[in-house]
1. From the label point of B:S27, set 7 Å from Cα along Cα→Cβ, how far away are the matching label points in the other copies, in nm, ordered shortest to longest?
2. Find the Cα radius of gyration of the protein assembly as shown, compare it with 2.2 N^0.38 Å by division, and give the number to two decimals.
3. What number results when the radius of gyration of the range B:46-93, computed over Cα atoms, is divided by 2.2 N^0.38 Å?
4. Roughly how many nanometres apart are two label points built 7 Å out from the Cα toward the Cβ at B:D245 and A:E72?
5. Counting DSSP beta bridges with both partners in the range A:3-103, what percentage is antiparallel, nearest 5?
6. Lysines near A:K14 by alpha-carbon distance under 30 Å, same-chain residues fewer than 8 away left out - which ones?
7. Calculate I(q)/I(0) for the range A:61-139 by the Debye formula, one identical point scatterer on each C-alpha and no solvent, and give its log10 at q = 0.13, 0.20 Å⁻¹ to two decimals.
8. Could you state the orientation-averaged shadow area of the convex hull built on the Cα atoms of the range B:3-103, in nm² to one decimal?
Number of protein chains: 2
Amino acid sequence: MPRQITSFSNDTVKRLRSLRDKKARRSEGLFLAEGLRIIAEARDEGHLPEIVAYSSAGGVHPLAQEIIAAAEANGADVIETTPEILTKMSGKDNPQMLLGAFRQPDVALAKVDRGRSPLWLVAQALRDPGNIGTILRTGDAVGAGGLILIDDCADPFSVEAVRASMGALFTQQIAAARWPEFLAWLRNGEGQLVGTSLKTEHDYLGVTYEKPCFLLIGNEQQGLPADYEPECDLLVKISMSGRADSLNAAIAAAVMAFQVRASWR
Amino acid sequence: MPRQITSFSNDTVKRLRSLRDKKARRSEGLFLAEGLRIIAEARDEGHLPEIVAYSSAGGVHPLAQEIIAAAEANGADVIETTPEILTKMSGKDNPQMLLGAFRQPDVALAKVDRGRSPLWLVAQALRDPGNIGTILRTGDAVGAGGLILIDDCADPFSVEAVRASMGALFTQQIAAARWPEFLAWLRNGEGQLVGTSLKTEHDYLGVTYEKPCFLLIGNEQQGLPADYEPECDLLVKISMSGRADSLNAAIAAAVMAFQVRASWR
């Protein structure tokens, strides 16, 4: 039976609330997902939350009831609480009526089976959690296997990234590594590493992409470090027609990923 | 000569600060742009700020000096102030050392000369100012003429949209209209209206895009209203390989826009 919680100082409330901070996420090994849509996506992928908070103000959706029951049967800590407390936990003015804390997956590169998909996205020093979530969502749409985060990226398990991923966090594999570690892993198997650069004459529309293709997206401000570029098997440029010389990082990732997929049709 | 301002209650400080609110932007007819990069882009496009605030703490970039002098010669109100006051005006922890208030352009549809570009982006009820700004930036990159905002969209002159546009706000024409007004204008000239839909069998890679092409992007949550779709000359779908059935709106706009451009090569 769910416990009824109406106090802001309840331990489970405080614990869920703490997951908005990276330190707490790391020490707990948990992250927060909000809303029925994302949590149902997680369930469909075989992930149930370890902690659930919901409000029955306004009624509980049958699918939410089903997930709450499944999580409880699985040993989850389930609390029924107020919209005000949910607001506090999510930090949003219009909170979702269902929150779940999920176990963070193992992000070791060794867990990545590159044969699972012909396309993998690789992000280097991406600072914006919204971009990370959006790239995960794009990866799902385009049939990528997952996202490999290189060097110091924003946390893919932050509330902002999870929100922007719209559930793709549960369908895309996530790995994290430093550049030398990634290169060693990459070269220990098949794979074409493709980077975007302003310094190449190869237009992204006129080249051959090989499977598995690893699409490398650089930092929002700096792009790829100059000494990373020579490690790529292929450098391409997305030619610009306007005044700007760059795209938003998540946009560049999508334009490249969809073009790679289109070239394989 | 710039006035030295160190008081938070100075009228120019309060006026610039107020431009973070839509109401004040509307009544003043001004909007705020932050940072040398965007303001230099504006200047290169022939736009000088009517109000300028800067700090000389840490030195003033020669390009910033040039723009400040040009704005002043043009009659702008120029103030030199402190990083603390700039922080308050921009609402950011790491404020830019240069802020400018620019005159909002006329967004009447009648101002749009469709012959200027073969590609125009059209957004319907887009709620996220970051998406609007990102779509402007994408439009610039892909050589679009501008962005037409249909129905109730987020304000393209909000600080968030201006930031995300990375200066494309000054290179892309912006118009705003209700749907019937837009349709009447569109049908009064040449133009193929292309919408994305889940309900069509036409893959976006296998169709012919005509010039000028008007790419219609729907609301983040609902997509296009069902009764808008029949008004399109062409409905296409971006087929999804994963579990999700949708893309982020700015991503969908970019994938479509770059494919339209690629199809014309």
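Computed from the coordinates by the stated procedures, all read-outs in this text should not be read as laboratory data. Keep in mind the model is a prediction, meaning the values are calculated, not measured. Please note: Cβ atoms are built from the backbone with ideal geometry, for glycine as well, and neighbour counts cover all protein chains shown.
1. 4.8
2. Output field value: 1.02.
3. Cα-based Rg divided by the globular estimate yields 1.16.
4. For the pair B:D245/A:E72, the computed spacing is 3.0 nm.
5. Of all bridge pairs located within the range A:3-103, approximately 60 percent are antiparallel.
6. A:K22, A:K23, A:K88, A:K92, B:K92
7. -0.70, -1.07
8. Mean orientational projected area (the range B:3-103, Cα hull): 5.9 nm².
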